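Undergrad: Let me give you the structure first, and then I'll get to my questions.
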Amino acid sequence: MLVLGFAGSPRRGGNSETLLDEALAGAKEAGADVEKVVLSELDFTPCISCGACEESGDCVFDDDMQALYDKIGAADALIFASPIYFYAVSAWAKGAIDRGQALWARKYVLKDERYTAKKNGYFIGVGATKGAKLFDGAELTVKYYYDAAGFELAESLLVRGMDEKGVVKDSPEYLHQARALGAQAAK
């Protein structure tokens, strides 16, 4: 069992990454192998909508996303964590999601079994404000990304009112919820 985690924040040690680390610790405690990918540390080009991936499932760009596609295909569960920027995921998260067009092609055009399964996906979103619709856009984006990548959004941990770096560490209830989410991902 491999639980893959995506850290979508460029701010290392921030609130969304802290909760992702807790979730991955919970998955590891439950017996899963875990791997964290920090998206802002990858070298990749945004999707240019050229359509080439629809022929072979491969992107024309030979960059760090190529290895990530294989990790996504091999993962049994995926936890995507991102801060909320203007009611959406971060630019790094969205760039990786947009490059998921190659995954869509592998699933829907090439019928690659690694991407047609309905594996569980999880979302951790952390926002500074307390708006009622704060997570609507981000959660919908992640839901459809998961569909293209062979996952189904099973559960989300959505945390409002966390602005300062690391302040989520002062909220044990969220740390506990993240750890429980990770344990659930490992099942």
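Undergrad: Evaluated at 10 °C with a viscosity of 1.306 mPa s, what Stokes-Einstein diffusion coefficient in µm²/s does the stretch 101-187 have when Rh comes from the Kirkwood expression over alpha-carbon pairs?
TA: Details: Rh = 14.4 Å.
It diffuses with D of about 110 µm²/s by this estimate.
Undergrad: Follow-up question, since we're still on this one. Expected output is a single nm value to one decimal: the length gained when fully extending between Asp62 and Ala132, i.e. 0.36 nm times separation in residues minus the C-alpha distance. What is it? Before the final figure, lay out the partial values.
TA: Values: separation 70, 0.36 × 70 = 25.20 nm, distance 4.03 nm.
Computed gain between Asp62 and Ala132 is 21.2 nm.
Undergrad: Within a Cβ distance under 15 Å of Asp170, other residues only, what is the Lys/Arg minus Asp/Glu net charge?
TA: Result for the neighbourhood of Asp170: -1.
Undergrad: Rounded to a whole number, what is D in µm²/s for the stretch 1-57 from Stokes-Einstein with the Kirkwood radius over alpha-carbon pairs (37 °C, 0.692 mPa s)? Present the calculation step by step, with values, prior to reporting the outcome.
TA: Values: Rh = 13.3 Å.
In µm²/s, the coefficient is 246.
Undergrad: Next up: In Å², what does the accessible area per residue of the chain work out to with a 1.4 Å probe? Can you show the working numbers first?
TA: Details: 8680 Å² over 187 residues.
Per residue, the chain has 46 Å² of solvent-accessible surface.
Undergrad: Next question. Let me have the 222 nm mean residue ellipticity of the chain computed from DSSP H runs of 4+ only, each contributing -39500 (n - 2.57), with the sum over all residues rounded to the nearest 500.
TA: Details: 8 runs with 73 residues, N = 187.
Calculated mean residue ellipticity at 222 nm is -11000 deg cm²/dmol.
Undergrad: Using a 1.4 Å probe on the protein chains only, how many percent of the accessible area of the stretch 37-187 belongs to carbon and sulfur? Please report the intermediate quantities before stating the final value.
TA: On the way: 3790 of 7380 Å².
It is 51 percent, rounded to a whole number.
Undergrad: Now a separate question. Under 5 Å between amide H atoms, partner at least 5 residues away or on a different chain: which partners does Ile79 have, H built in plane at 1.01 Å?
TA: Placed amide hydrogens put Leu4, Gly5, Phe6, Tyr122 under 5 Å from Ile79.
The values are calculated or read from the model by the stated rules, or taken from the named source; none is laboratory data. Everything numeric in this text was worked out from a predicted model, so none of it was measured. All Cβ positions, glycine included, derive from the backbone under ideal geometry; neighbour counts span all protein chains shown. Keep in mind that these areas ignore ligands, DNA and RNA; they rest on the heavy atoms of the full protein, side chains included. Shrake-Rupley method; radii C 1.70, N 1.55, O 1.52, S 1.80 Å.
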